[in-house]
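What follows is calculated from the coordinates using simple rules that are stated; it is not laboratory data. Model, not experiment: these values are computed from the prediction. Note: ideal-geometry Cβ built from the backbone for every residue, glycine included; neighbour counts use all protein chains shown.
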Amino acid sequence: MSGTPRRPGQGERVIADAFAAYLADQGWKDVGRLAAVGRVWEEAAGAKVAAHLVPVALRGETLVVAAADTAWAAQLAFVAPAILGRLATLLGAEAPTRVEARRRPGLPDHGPQGAPPPRR
């Protein structure tokens, strides 16, 4: 074991970077780019948005995110420019230039105010 202390998450970032490089070498660049987006998603989207919109695919320059409900899918239109700008800052040329939402049943649906639905 090395005597150099690691910052929290440093090992995960090194592994993610190595995995992304491997995927690019295998011709799976979009998968590697999606992994890179996933790595910085919460920082780019913000914690509240990231809890309701999850990156699921990258089709060329378009990032597809799964939305917990239709309200969050609609909200993407308002926050997309800021998210894409932060992704460009964080990822450079590898950042997507467009984003679209798809409703994904099964994601936690916390409603438009972010509160969990009432228990029945």
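Points to keep in mind about this one:
- Counting only DSSP beta bridges whose two residues both lie in segment 42-103, roughly 50 percent are antiparallel.
- Distance between modelled label sites at residue 47 and residue 71, nm, 7 Å Cα→Cβ extension: 2.0 nm
- Integer Hz, Karplus 6.51/-1.76/1.60 couplings in order for segment 88-96, x for Gly and Pro: 4, 5, 7, 10, x, 5, 7, 6, x
- From the Kirkwood radius over Cα pairs of segment 42-103, Stokes-Einstein at 20 °C and 1.002 mPa s returns a whole-number translational diffusion coefficient of 188 µm²/s.
- With neighbour counts taken as other beta-carbon atoms within 10 Å, the residues 42, 100 rank, fewest first, as 42, 100.
- Long-range amide H partners of residue 58 with built H, under 5 Å: 64
- Converting phi to 3J(HN,Hα) with the Karplus coefficients 6.51, -1.76 and 1.60 and the offset θ = phi - 60°, segment 48-57 yields 5, 5, 4, 6, 10, 10, 10, x, 10, 7 Hz in sequence order, with x at every glycine or proline.
- Remark: segment 79-85, residue by residue, has Karplus-estimated 3J(HN,Hα) of 9, 4, x, 5, 5, 4, x Hz, where x stands for each Gly or Pro and the curve is 6.51 cos²θ - 1.76 cosθ + 1.60 at θ = phi - 60°.
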